[in-house]
Structure formats: C-alpha cells, structure tokens
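To start, the structure under review is shown below, and the notes come after it.
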Amino acid sequence: MKIDFDKAVAEIEDITKRMEDPSISLTESIELFNEGVVLSKKCLEVLEDGKGKIMLLTDEVNNVSKPFDVDEN
C-alpha cells in the first residue's frame, strides 16, 4: 500500500500531541503508540525506496560522466 509520506508524518505529529494529553487512558495511549509505530515503519520504507532510487540514478550519472579510456596501441 502506497502512503503519502507528508500525510503520514503529519499524522505521527498528531498522534504525538494526543499522547501528551495527560487525560488519555493507558489503553488509548498504547493504541496511539502502535499506530505511530506502524506509520513510522511505512515512512522508513518510503525513505529507503527513495534512497535506492537516488543511488541508482547517481550510479547512472557517474558511469556516463566517467572519461573513456582510449587505448592508443
């Protein structure tokens, strides 16, 4: 399932604020924590995917921009 990274981060921020409320129950706090962990894992997956794509593109650029070795024998 593809997630919107920015929306997920905003939701994590909202969860954090809700957890800071001293009036919430332990059960609700645990549920919110679980939601935050799930969202965090999904965000990390998106970041890792992006990192992999950037590395591939960088490798392609580096291979194209390397000077050719011309053997003049």
The answer for I3, listing residues at least 5 apart or on another chain whose modeled amide H is closer than 5 Å to its amide H, is none
Cut-off under 21 Å on the C-alpha distance; same-chain residues fewer than 8 positions from K53 excluded. Which lysines are left, in chain and number order?
K2, K41, K42, K66
Counting Lys +1, Arg +1, Asp -1, Glu -1, what net charge surrounds A10 among other residues with beta carbon under 12 Å of its beta carbon?
-3
If you average 1/r across every pair of different Cα atoms in region 5-64 and take the reciprocal, what Kirkwood value do you get, in Å?
13.5 Å
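Computed from the coordinates by the stated procedures, all read-outs in this text should not be read as laboratory data. Model, not experiment: these values are computed from the prediction. FYI the Cβ positions are ideal-geometry reconstructions off the backbone, even for glycines, and counts take in every protein chain you see.
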